[in-house]
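Quick notes on the structure that follows.
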């Protein structure tokens, strides 16, 4: 529960007394963090889900015409990192699928 206290402290530091003060996007991020941090151990799927959520948020900001171009550009490295983590976690499955396809061609 130490991590939950960290999230609460983060909100208070930003002048937010209650999670209800967050907009819908911020609530989704906060709930995702809370869900992940409340587990005793993270699974690979937890990390994948987190990365997918972050990628989705970044991509929605890129499509938002009200977001400044420099703000969009600042998100590129984060998007790259989350995509790289996602690719890394999916690599064993992708390699297995490639090998299975190659073996099936040999049959």
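Where a number appears in this text, it was derived from the coordinates with a stated rule and is not lab data. Since this is a predicted model, take the numbers as computed values, not measurements. With ideal geometry, Cβ positions are generated from the backbone for all residues, glycine too; neighbour counts draw on all protein chains shown.
For the stretch 10-43, a residue qualifies if it is outside any helix (DSSP H, G or I) and under 24 Å from residue 90 (Cα atoms), and the qualifying residues are 39, 40, 41, 42, 43.
Taking the criterion of being surrounded by 14 or more Cβ atoms within 10 Å (Cβ to Cβ) and under 13 Å from the mean Cα position of the chain (by Cα), would at least one residue in the stretch 58-74 satisfy it? For the stretch 58-74, residues surrounded by 14 or more Cβ atoms within 10 Å (Cβ to Cβ) and under 13 Å from the mean Cα position of the chain (by Cα): present. Any residue at all in the stretch 81-91 that's in contact (Cβ under 8 Å) with a residue 24 or more places away in the chain and assigned to a loop (DSSP other than H, G, I, E, B)? Within the stretch 81-91 (the criterion being in contact (Cβ under 8 Å) with a residue 24 or more places away in the chain and assigned to a loop (DSSP other than H, G, I, E, B)), the answer is no, since none of the residues qualifies. For the condition without any contact (Cβ under 8 Å) to a residue 24 or more places away in the chain, surrounded by 10 or more Cβ atoms within 10 Å (Cβ to Cβ), outside any loop (DSSP other than H, G, I, E, B) and over 18 Å from the mean Cα position of the chain (by Cα), residue 95 qualifies. Output the residue which, of all residues in the stretch 32-57 that are without any contact (Cβ under 8 Å) to a residue 12 or more places away in the chain and more than 9 Å from the chain's Cα centre (by Cα), is surrounded by the most Cβ atoms within 10 Å (Cβ to Cβ). Per the criteria, the residue is 46.
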